[in-house]
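A short write-up of the structure that comes next.
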Amino acid sequence: MARKSSERLLAEQRSEVQHRIESLQRHLASIVESATWTANDDEHDPEGVTIAYERAQTQGLLVDAKAELEALDEAARRVEEGTYGLCQRCGKRISKERLEALPAATLCIRCTSARR
Ligand SMILES: [Zn+2]
């Protein structure tokens with residue numbers, strides 16, 4: 001894949017992930033806020049449990065999104081180095097289709113399935 005299109009694809013994906021992180025952070029802040037609003041002495045308050053669950057779930061999504069952002073930065077570095085699009089295991093070229101679907105991919109489809 002041409003370097004220019006890889007860079008564009010990575011940049012697009014990156015801004016998308018960044019938006020997701022921002023909205024998750026806003027969501028998390030609103031959960032924390034509503035938790036303070038509804039806080040009372042009853043530890044068995046079912047709403048409190050729902051909030052705790054939602055909060056844990058949102059935090060999990062946030063961790064995922066941040067890892068994705070790191071992977072994209074890593075991929076951008078590989079574009080600089082000229083190793084982008086090469087499988088880190090077998091050194092073969094990762095298919096264009098795969099990179100378009102997953103710009104931060106570091107393994108070709110064969111190595112990914114071999115790992116499972
Ligand atoms: Zn491979």
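The values are calculated or read from the model by the stated rules, or taken from the named source; none is laboratory data. The structure presented is a predicted model; accordingly, all values stated were derived computationally and were not measured. Cβ sites come from the backbone with ideal geometry, for glycine too, and all protein chains shown count toward neighbours.
Restricting attention to region 94-104, does a residue exist that is touching a residue at least 12 places away in the same chain (Cβ under 8 Å) and in contact with a helix residue (DSSP H, G or I) (Cβ under 6 Å, 6 or more places away or on another chain)? Looking for residues that are touching a residue at least 12 places away in the same chain (Cβ under 8 Å) and in contact with a helix residue (DSSP H, G or I) (Cβ under 6 Å, 6 or more places away or on another chain), one finds at least one in region 94-104, hence yes. If the condition is being away from the ligand (no atom under 14 Å from the Cβ) and more than 12 Å from GLN13 (Cβ to Cβ), then region 85-116 contributes LYS96, GLU97. Give me the residue from region 1-33 that is closer than 28 Å to SER95 by Cα and basic (Lys, Arg) and, out of that set, modelled with the lowest pLDDT. It comes out as ARG3. Counting the residues of region 58-84 that are within 16 Å of the ligand (Cβ to nearest atom) and part of a loop (DSSP other than H, G, I, E, B) gives 2. Could you tell me whether HIS44 is modelled with pLDDT of 95 or more and more than 24 Å from LEU102 (Cα to Cα)? When the stated conditions are applied, HIS44 does not pass them.
Each residue in region 13-28 was checked for being surrounded by 12 or more Cβ atoms within 10 Å (Cβ to Cβ) and of a type in the set (D, E, K, R), and 3 of them qualify. Among the residues of region 73-83, is any over 15 Å from SER6 (Cα atoms), at pLDDT 95 or above and surrounded by fewer than 17 Cβ atoms within 10 Å (Cβ to Cβ)? Checked region 73-83: no residue is over 15 Å from SER6 (Cα atoms), at pLDDT 95 or above and surrounded by fewer than 17 Cβ atoms within 10 Å (Cβ to Cβ).
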